[in-house]
There are 2 protein chains.
Amino acid sequence: MRQDLDALMDARGLDALLLFGPAQHNPAVAYFTGAAHLTSVWLVKPRGRDPLLFYNAMERDEAAQTGLPSRSLSDFPWRVFLRQAEGDEVRARALRYQAVLKAAGIEAGRVGVTGRLDFGPPFDALRLLPTLMPGLTLEGLTAHQTLLAARRTKAAEEVARIRRMGQVTTEVVGRVADFLTSQRGKDGLLVKADGQPVTIGEVKRRINLWLAELGAENPEGTIFAQGHDAGVPHSTGRDDEALKLGTMIVFDIFPCEAGGGYFYDFTRTWCLGYAPDEAQALYEDVLAVYRQTMSELTPNGLCRDLQRRTCELFKAQGHPTSCHDPGTQQGYVHSLGHGLGLDVHEAPWFGAHESNTDRLEPGVVVTIEPGLYYPERGLGCRIEDTVWARPDGHFEVLADFPYDLVLPVKG
Amino acid sequence: MRQDLDALMDARGLDALLLFGPAQHNPAVAYFTGAAHLTSVWLVKPRGRDPLLFYNAMERDEAAQTGLPSRSLSDFPWRVFLRQAEGDEVRARALRYQAVLKAAGIEAGRVGVTGRLDFGPPFDALRLLPTLMPGLTLEGLTAHQTLLAARRTKAAEEVARIRRMGQVTTEVVGRVADFLTSQRGKDGLLVKADGQPVTIGEVKRRINLWLAELGAENPEGTIFAQGHDAGVPHSTGRDDEALKLGTMIVFDIFPCEAGGGYFYDFTRTWCLGYAPDEAQALYEDVLAVYRQTMSELTPNGLCRDLQRRTCELFKAQGHPTSCHDPGTQQGYVHSLGHGLGLDVHEAPWFGAHESNTDRLEPGVVVTIEPGLYYPERGLGCRIEDTVWARPDGHFEVLADFPYDLVLPVKG
């Protein structure tokens, strides 16, 4: 949580953070500013003190709305630094970083740097900066990991926002199910009243429309993949493909708040009209593992143990797994889930390797998403919910939705 | 244009580019891949040779659809590099970059690095990389500038995509105008049939809905700002504010293709019902400068000259300008426009300073957006179109829309 940040910086020996980029779609900055419309800011967070926001003068009202102490970058005019650097842009940029750090009271020490932006320009200037500021060292990975460590546990206000996105997400999934079940099957395809097949592209357009209507954004797209494509976990499906009856569809949807805030992540697997035996069997295997895993979640449990346990459960069903058959592209090929917040994928992580010490601490929000994939057989199935490890020790799915495989369609 | 890239790399002494991040909402990568659903890739572009894409195995189908030569990152397993680095994550990452560069035939030379992602983790590893590869130097700013230099002129296919976004944008602006003019004025506010005021938040929700319906995304939000807020160029407006009659509204909309492709950028200024004299006068000043500027665009004209000329025109009308009154927050306070493409703001730039040598070369797509701002008087006005410098020497507005200030409403 944000309140842990000073202690986390202290544990990692960071005296300050220097963060770059816009406030929107940039978790490192948005964690402090909220999703304000600030197109390019610098934020200095000294350990033990409030963050200081440096903003473009045209965006002064947006900066004020963040409630953070702030300074206009017009107090640090580019032309002055460029003159001082005799026209050397890299040096001018480094001098400006130095001035901004000094304005925040940072003259030396270990400063963490990160932020989501085109990193080429700051890269050169940040390499130069320690030569201008003896006693300054810069740390990128540590900055990133420190922020992720703070973000891994969520405050009640953050959980409320994720829960609201869960309501939006399941509302949209329900509308998609209603749309599909109100069409009819014909010659193996799903067709509309006019006899034209329903395509994946049409479904995705409706998803984006409904998400926008409900105030969400969909910056990373939606997976709506059937048959072979359902068997490739990150295949998103082909827009021009007609929806087939009796074919597995993996529907994985992960929208965020408008402006780039908190995400939700959710998957169901559907067959339209009917499920062939091998699809039904695969679904039952995944659902059984999903239910078993959910029943075994324990506060502070090691994520790697959950991943290993999931591999054992799938292996016992006779499937290859990434634990037992490294590099396999059939069977259980990914990890059980991931943390979720301002990024759709963030800590804690579920890698099975010994060095993964991530745990289900109270306050984490994670996805649980076992799946099985056989692309050559045209089969893929995943079931995913987003789960909050509550402070009272319970694990709560943040948005409920039925798990049914078959969506009936008209004859 | 992309075809110029090898020559631009040669002119800047770059032997290769090493690009990072997702394919979506990341122009450095999307310029090569298109807006494929690739969540994290590396792309090596050696000078004079095809780019080579390194992808996550789960996204192999999406990688194949880019049509680029590609390699799966499963051929470069993280655990192998982590073992080789004896658990040092920074070193492991650097070793992996080295392996990827070698696989693309790069063993030394000047390599440009950039891409839009959380740059903390690659920052440390890239600083280390030259110690593993003697003869290798890394250049961030040069990489960024080289890509922007290629992107500044657009191929016909890119212009067609921007034009299509212009059609979407003006269609949405038209729907907003239709919505507003179908409401009625009452006690100085715009109200709906039920007598409730229309708020800025409601207008923005409709904008997002219509953009989604037409296949666009709105990752950077919309400016719909009235009165004082219209007088602050980047103020986006307050959702809970009711729309007032006779008050200037700056409506600046800049959506992109779904998945993070090409943008459009467009502004009109409206008064609902009627325009007070001082609003009308301000609008007429801006419109006159807009028309004069548009009539003076010439192929290969210096952008800084256009900015200076715009300052002169506004000064002659009696307004402060950023050329004559540096740091002013009243009058003409920003630059005339900017290039537009995979970023809403890209080269060429319109800064008035002598070191700005950007020109309106044939093939550039730029915004022309003069404006005047008096926040303390509750006044702000901007008129913006997106313009293509055609190879035949003409300048073409890529989407037409009326310039009227007053939107009539029912009595």
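The values are calculated or read from the model by the stated rules, or taken from the named source; none is laboratory data. Predicted, not measured: the structure shown is a model, and the values here were computed from it. Glycine gets a Cβ as well: all are built from the backbone with ideal geometry, and neighbour counts include every protein chain shown.
A few notes on this one:
- Checking each residue in the range B:9-33 for being among the hydrophobic types (A, V, I, L, M, F, W, C) and surrounded by fewer than 17 Cβ atoms within 10 Å (Cβ to Cβ) picks out only B:Ala11.
- Of the criteria (1) more than 14 Å from chain A (Cβ to nearest Cβ); (2) surrounded by fewer than 22 Cβ atoms within 10 Å (Cβ to Cβ), which one B:Val44 fails: (2)
- For B:Cys381: the one exception among (1) at pLDDT 95 or above; (2) in a loop (DSSP other than H, G, I, E, B): (2)
- Condition check for B:Arg71: away from chain A (no Cβ under 11 Å), farther than 23 Å from B:Leu8 by Cα, of a type in the set (Lys, Arg) and out of contact with any Asp or Glu (no Cβ under 7 Å at 6 or more places or on another chain): yes
- Test: residue in the range A:73-89 that is within 23 Å of A:Leu147 (Cβ to Cβ) and of a type outside the set (Gly, Ala, Ser): yes
- Given (1) away from every other protein chain (no Cβ under 14 Å); (2) buried (at least 22 other Cβ atoms within 10 Å of the Cβ), number of the condition B:Arg164 does not satisfy: (2)
- Among the residues making up the range B:191-206, a single one is at the interface with chain A (Cβ under 9 Å from one of its Cβ atoms) and either among the β-branched types (Val, Ile, Thr) or closer than 26 Å to B:Tyr283 by Cβ (or both): B:Lys204.
- Failed condition for B:Ala36, given (1) surrounded by 24 or more Cβ atoms within 10 Å (Cβ to Cβ); (2) in contact with a helix residue (DSSP H, G or I) (Cβ under 7 Å, 6 or more places away or on another chain); (3) under 21 Å from B:Pro121 (Cα atoms): (3)
- Filter pass, A:Ala104 being away from every other protein chain (no Cβ under 13 Å) and either modelled with pLDDT of 95 or more or in contact with a strand residue (DSSP E or B) (Cβ under 8 Å, 6 or more places away or on another chain) (or both): yes
- All told, B:Gly341 falls short of being outside any strand (DSSP E or B) and at pLDDT below 95.
- Residue within the range A:119-133 that is touching a residue at least 24 places away in the same chain (Cβ under 8 Å) and away from every other protein chain (no Cβ under 14 Å) present: yes
- When A:Ser235, A:Ser322 are screened for being within 14 Å of another protein chain (Cβ to nearest Cβ), surrounded by 18 or more Cβ atoms within 10 Å (Cβ to Cβ) and in contact with a Ser or Thr (Cβ under 8 Å, 6 or more places away or on another chain), only A:Ser322 passes.
- In summary, A:Glu86 fulfils each of the numbered conditions (1) within 14 Å of chain B (Cβ to nearest Cβ); (2) under 30 Å from B:Val29 (Cβ atoms) with the single exception of condition (2).
- Whichever residue in the range A:223-238 is closer than 24 Å to B:Leu209 by Cβ and part of a strand (DSSP E or B) and, among such residues, is nearest to the chain's Cα centre (by Cα): A:Ile223
- Of all residues in the range B:239-255, those being under 18 Å from B:Asp400 (Cα atoms) and part of a strand (DSSP E or B) number 4.
- Helices (runs of 4 or more DSSP H) (entirely within the range B:1-120) containing at least 2 residues that are among the aromatic types (Phe, Trp, Tyr): B:27-33, B:78-84
- Checked against the criterion of being of a type in the set (S, T, N, Q) and within 17 Å of B:Ala28 (Cβ to Cβ), the range B:89-108 contains not a single residue that satisfies it.
- Given (1) crowded, with 20+ Cβ neighbours inside 10 Å; (2) within 20 Å of the chain's Cα centre (by Cα); (3) farther than 23 Å from B:Arg79 by Cα, index of the condition A:Phe350 fails: (3)
- Looking only at residues of the range A:238-249 that are in contact with a Ser or Thr (Cβ under 8 Å, 6 or more places away or on another chain) and more than 12 Å from chain B (Cβ to nearest Cβ), we find that the one that is modelled with the lowest pLDDT is A:Asp240.
- Checked against the criterion of being in contact (Cβ under 8 Å) with a residue 12 or more places away in the chain and either of a type in the set (Gly, Ala, Ser) or assigned to a strand (DSSP E or B) (or both), the candidates B:Gly195, B:Gly185 yield just one match: B:Gly185.
- Residues within the range A:208-222 that are assigned to a strand (DSSP E or B) and under 13 Å from A:Asp265 (Cβ atoms), tallied: 2
- All positions within the range B:292-328 that are among the polar types (S, T, N, Q), free of Cβ contacts under 8 Å to residues at least 60 places away in the same chain and not in a helix (DSSP H, G or I): B:Gln317, B:Thr321, B:Ser322, B:Thr328
- Per this entry, A:Ala155 is not counted among residues that are of a type in the set (A, V, I, L, M, F, W, C), touching a residue at least 60 places away in the same chain (Cβ under 8 Å), touching a Leu at 6+ places or on another chain (Cβ under 9 Å) and surrounded by fewer than 20 Cβ atoms within 10 Å (Cβ to Cβ).
- If you go through the range A:203-217 and pick out every residue that is more than 20 Å from the chain's Cα centre (by Cα) and of a type in the set (Val, Ile, Thr), you end up with 1.
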